[in-house]
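The values are calculated or read from the model by the stated rules, or taken from the named source; none is laboratory data. Since this is a predicted model, take the numbers as computed values, not measurements. Neighbour counts run over all protein chains shown; Cβ positions are idealised from the backbone, glycine included. The area values use the complete protein model at the heavy-atom level, side chains included, leaving out ligands, DNA and RNA. Shrake-Rupley method; radii C 1.70, N 1.55, O 1.52, S 1.80 Å.
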Amino acid sequence: MTFTTRPTLQGTFGMVSSTHWLASQAAMGILERGGNAFDAAVTAGFVLHVVEPHLNGPGGEVPAIVATAEDPTPKVLCGQGPAPAGATIAHFRSLG
């Protein structure tokens, strides 16, 4: 027997979770219109920037666990903390 204090959620289409229901609903709408998980995550991020500006921002932190259909092995992205000194606008423009 497994004990949990939260409901177990299952689905056959997709699922979105965030700290605000409007962000979750907007992201789910993207999935329902044919977008992928990355499209939904960006949508949720933009909505959170509006509805919870004290908690989110365009230069915020990016902890993520990502797996794709082509490579189901989970990859962890830790985009937290300050950017290196070399991460300038000129540098990224030079990359195209």
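Here are a few things to note about the model shown:
- Highest-fluctuation residue, 23, 44, 85 considered, GNM on the chain with Cα pairs under 10 Å: 85
- Where labels lie 7 Å past Cα in the beta-carbon direction, separation of residue 78 and residue 21 in nm: 3.6
- Contour excess over end-to-end distance, with Cα ends at residue 95 and residue 9 and 0.36 nm allotted per residue: 26.8 nm
- Computed over every Cα-Cα pair of segment 48-96 and binned at 10 Å starting from 0, the pair-distance distribution P(r) comes out as 20, 30, 40, 10 percent.
- Calculated on the Cα set of the chain, radius of gyration then Dmax: 16.5, 57 Å.
- Accessible surface, per residue, of the chain when the full set of protein chains is kept, probe 1.4 Å, Å²: 84
- Rounded percent of accessible protein surface that carbon and sulfur make up, the chain, 1.4 Å probe: 62
- Taking each DSSP H run with n ≥ 4 as -39500 (n - 2.57) and averaging over every residue of the chain yields -10500 deg cm²/dmol at 222 nm.
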